[in-house]
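I have placed the structure first, in the form of structure tokens, so that the comments after it can refer back to it.
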Amino acid sequence: MGTRTKYVDSDILIIGGGFGGCGAAYESRYWGRDLKIVVVEKANIERSGAVAQGLSAINCYMGMQWGENQPEDFVRYARGDLMGLVREDLVYDIARHVDSTVHKFEEWGLPILKNPETGRYLREGKWQIMIHGESYKPIVAEAARKAASEIYNRIMVTHLLMDKVRPNRVAGAVGFNVRNGDFYVFRAKAVIVGAGGGSHIYRPRSVGEGMGRTWYAPWSTASAYGLLIPTGAKMTQMENKIVLTRFKDGYGPVGAWFLLLKAHATNAAGEFYEKDRYPEIKARVGHYVDIQPMPTCLRNHAMLEEIKAGKGPIYMHTQKVLDTREKEELGWEDFLDMTIGQAVVWAAQNIDPKETPSELITSEPYIMGSHATCSGAWASGPEDCAPAEYQWGYNRMTTVEGLFGAGDTIGGSAHKFSAGSFTEGRLAAKAAVRYVMHHKAESPEVDDEYIKRLQEVVFKPLETYRVGRNEIVAGTVAPSYINPLQGLQRLEKIMDEYVGGYSMFYVTSEPLLNRGLELLQMLTEDFEHIGAEDLHQLQRAWELQHRILTAESVTRHTLFRQETRWPGYYYRGDYPKLDDSEWHCFTGSQYDTKSGAWNMSKLPVHRIVEGFELLRT
Ligand SMILES: Cc1cc2nc3c(=O)[nH]c(=O)nc-3n(C[C@H](O)[C@H](O)[C@H](O)COP(=O)(O)OP(=O)(O)OC[C@H]3O[C@@H](n4cnc5c(N)ncnc54)[C@H](O)[C@@H]3O)c2cc1C
């Protein structure tokens, strides 16, 4: 295993065939008719990524054709929901293009529900539209398959490759085939990373036999960050972890229930608690509490305070809104299209949503750049509306030359969701094609010695296991290595207890974070001795490595931001209030692989809506 090496050269290499990656493949072909476009994916793009199970709503659609919303409205919404901190240029750029993406999805066969009275798409909420989305991913993947020159499924990408002579220039990536162990070297003129966000960085509420049941997909292994960080790409807002209010035990989303079916949540006594918490929240975050709709994190906060006061369980009163057969079907279908596990929990726990309310709870934290938070890479913005400090060349290019990103990969712009991530893939691809055209003469140069060293590193866990397995003392316990699951559970425990997981009610502080960093350092050292008994475990090992790197980045950013900007997502116990005078800024970090140093910085927040003259394209 690991002896055959395959080289694949391309103009544009897309890593991850999820929503960002599929958008990138589609658009690369549109602008780069003659280019070689390669997609590499660890699963199979037909059913990979966060949308593998399907979705029941598209959460980002303006409806400009009917005058429903304008991109500027969306920027104001995203800014408010993120407590003032978004890259408005990036958010605006997605908003102005996202409708055309959704229209393409419909053309390709995605059934979008219509409002029988108006003939428009059926709105779930101001920004969301309802879909019959069980086959959302295969429909979108088909477009990518037709656009790409080659698709390599079942290749776990472990590292990005840097150019031999230009130190800040990406040159490709390496990985291995998870079925036959072939080692792959991808050389490319431009690379677009769409490798998705991170679950299982924090200990999930469901452990033991239920540990695969998380809200964000368990196969979202933070590779978007784990691949970028070692290149020295600047990262931003990594402390901005997301905690979601979801149906208990099944993690079923609440959007359709709150927004479309108009169900209400109360405490166990039937009281609406949010308004009672207003004075306390105002004292913490000031005027941000008055933003309409109330920012997602603050709604979490109100609920957490209620639970801490012993007033739980918190109930979603499904039984009060399912008064017609049509609504009942909608309620079930919401989960059968998207989070089947929730329908199974109802069936298993004898819950008939027509008769009984269902418990809500907050999830463990996830690291994402596409949902209601915006962790990810610091990226160059669109040239017509990004302020000078946000522009260094090509749209969605990171601070590494030729390295682009989309979806969860790109930081600072929340609320992209599925359609916005695909749109961002399109935007990144358009810019990447231009980059390739402008740098035609410069083919990537990759050092053979460096590739050989990487190959040894990638397959080392198999060797560690082979040598150490004779010493196994019991079950999976061995003195000379840890296995990927043991490493994962240790990571989850550290993050949960020291970096604000659910068991700590999301609270952390400087001493806790510093101790967390020490323990993460020990875990990093032990990763050198990880053992993998087969290729499946080898994949788990590298997924763990991406999660550990991401976890360290999250911890360092959380330590750096000395305030509590998003109560309900996490709390700095030592800085319990929001502090605009010091922290109305993005946080930035750059990791230096050689020295192991993390360079932290404050990055400016510019307003472009209500402040800049916008040039429309
Ligand atoms: C339960 C749930 C509900 C959601 N609800 C909605 C909703 O109602 N509406 C909505 O619009 N959005 C929703 N979303 C959000 C949406 O799914 C994401 O915003 C979107 O998928 C992000 O796109 P992405 O390309 O960044 O990541 P993904 O779509 O997850 O794609 C990442 C891809 O990279 C691949 N990959 C990862 N690591 C590697 C590696 N090392 N090597 C090779 N390949 C790799 C993965 O297999 C995957 O194919 C939901 C997500 C979940 C999980």
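Any residue that is surrounded by fewer than 19 Cβ atoms within 10 Å (Cβ to Cβ), more than 14 Å from the ligand (Cβ to nearest atom), closer than 30 Å to residue 589 by Cα and in contact (Cβ under 8 Å) with a residue 60 or more places away in the chain - is there at least one of those in segment 366-387? It would help to see each step written out before you state the result.
Filtering segment 366-387 for residues surrounded by fewer than 19 Cβ atoms within 10 Å (Cβ to Cβ) gives 383-384, 387.
Cutting the leftovers down to more than 14 Å from the ligand (Cβ to nearest atom) gives us 383-384, 387.
Subset that is closer than 30 Å to residue 589 by Cα: 383-384, 387.
Keeping just the survivors that are in contact (Cβ under 8 Å) with a residue 60 or more places away in the chain gives 384, 387.
Yes, segment 366-387 has at least one match.
Given (1) open to solvent by 50 Å² or more (accessible area, probe 1.4 Å); (2) among the β-branched types (Val, Ile, Thr); (3) in contact with a His (Cβ under 8 Å, 6 or more places away or on another chain), identify the lone condition not met by residue 593.
Evaluating residue 593 over (1) open to solvent by 50 Å² or more (accessible area, probe 1.4 Å); (2) among the β-branched types (Val, Ile, Thr); (3) in contact with a His (Cβ under 8 Å, 6 or more places away or on another chain) leaves (3) as the failure.
Please verify whether segment 405-420 includes one or more residues that are within 30 Å of residue 110 (Cβ to Cβ), surrounded by fewer than 24 Cβ atoms within 10 Å (Cβ to Cβ) and hydroxyl-bearing (Ser, Thr, Tyr).
No.
Give segment 276-307 a look and list any residue that's more than 28 Å from the chain's Cα centre (by Cα) and closer than 24 Å to residue 373 by Cα, or say none.
277, 278, 280, 282, 283, 286, 287, 306
Would you say residue 151 is touching a residue at least 12 places away in the same chain (Cβ under 8 Å), of a type outside the set (Asp, Glu) and open to solvent by less than 30 Å² (accessible area, probe 1.4 Å)?
Values: touching a residue at least 12 places away in the same chain (Cβ under 8 Å): yes; of a type outside the set (Asp, Glu): yes; open to solvent by less than 30 Å² (accessible area, probe 1.4 Å): no.
Against the criterion (touching a residue at least 12 places away in the same chain (Cβ under 8 Å), of a type outside the set (Asp, Glu) and open to solvent by less than 30 Å² (accessible area, probe 1.4 Å)), residue 151 does not qualify.
Which one is nearest to residue 520 (Cα to Cα) among residues in segment 175-213 that are β-branched (Val, Ile, Thr) and open to solvent by 10 Å² or more (accessible area, probe 1.4 Å)? Please lay out each step first, then the result.
The first filter runs over segment 175-213 and keeps only residues β-branched (Val, Ile, Thr), leaving 178, 185, 191-193, 201, 207.
So of that shortlist, the ones also open to solvent by 10 Å² or more (accessible area, probe 1.4 Å) come out as 178, 207.
Working: 178: 27, 207: 21 Å.
Ranking the qualifying residues of segment 175-213, first place goes to 207.
Within segment 255-274, can you find the residues that are open to solvent by less than 40 Å² (accessible area, probe 1.4 Å), more than 16 Å from the ligand (Cβ to nearest atom) and aromatic (Phe, Trp, Tyr)?
Listed by number, the list holds a single entry, 273.
With the requirement that a residue be open to solvent by 70 Å² or more (accessible area, probe 1.4 Å), in contact (Cβ under 8 Å) with a residue 24 or more places away in the chain and more than 16 Å from the ligand (Cβ to nearest atom), what does segment 328-351 give you?
Hit for segment 328-351 is 349, nothing else.
Exactly one of these conditions fails for residue 44: (1) crowded, with 24+ Cβ neighbours inside 10 Å; (2) within 14 Å of the ligand (Cβ to nearest atom); (3) modelled with pLDDT of 95 or more; (4) not acidic (Asp, Glu). Give me its number.
(1)
Listed here are the residues, each with its yes/no results for (1) open to solvent by 50 Å² or more (accessible area, probe 1.4 Å); (2) within 30 Å of residue 439 (Cα to Cα); (3) within 9 Å of the ligand (Cβ to nearest atom).
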position	(1), (2), (3)
115	no, no, no
124	no, no, yes
139	no, no, no
144	no, yes, no
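Just checking, does segment 529-546 include any residue being among the β-branched types (Val, Ile, Thr), modelled with pLDDT of 95 or more and more than 13 Å from residue 239 (Cα to Cα)? Even if it seems obvious, please write down each step before you answer.
Just the residues of segment 529-546 that are among the β-branched types (Val, Ile, Thr), to begin with: 530.
Now restrict to residues that are modelled with pLDDT of 95 or more: 530.
With the extra rule that they be more than 13 Å from residue 239 (Cα to Cα), the set shrinks to 530.
Within segment 529-546 (the criterion being among the β-branched types (Val, Ile, Thr), modelled with pLDDT of 95 or more and more than 13 Å from residue 239 (Cα to Cα)), the answer is yes, since at least one residue qualifies.
The values are calculated or read from the model by the stated rules, or taken from the named source; none is laboratory data. Fair warning: this is a prediction, and the values are worked out from it, not measured in the lab. Glycine also receives a Cβ, built like all others from the backbone with ideal geometry; neighbour counts cover every protein chain displayed. SASA here: full protein model, heavy atoms, side chains in, ligands and nucleic acids out. Shrake-Rupley method; radii C 1.70, N 1.55, O 1.52, S 1.80 Å.
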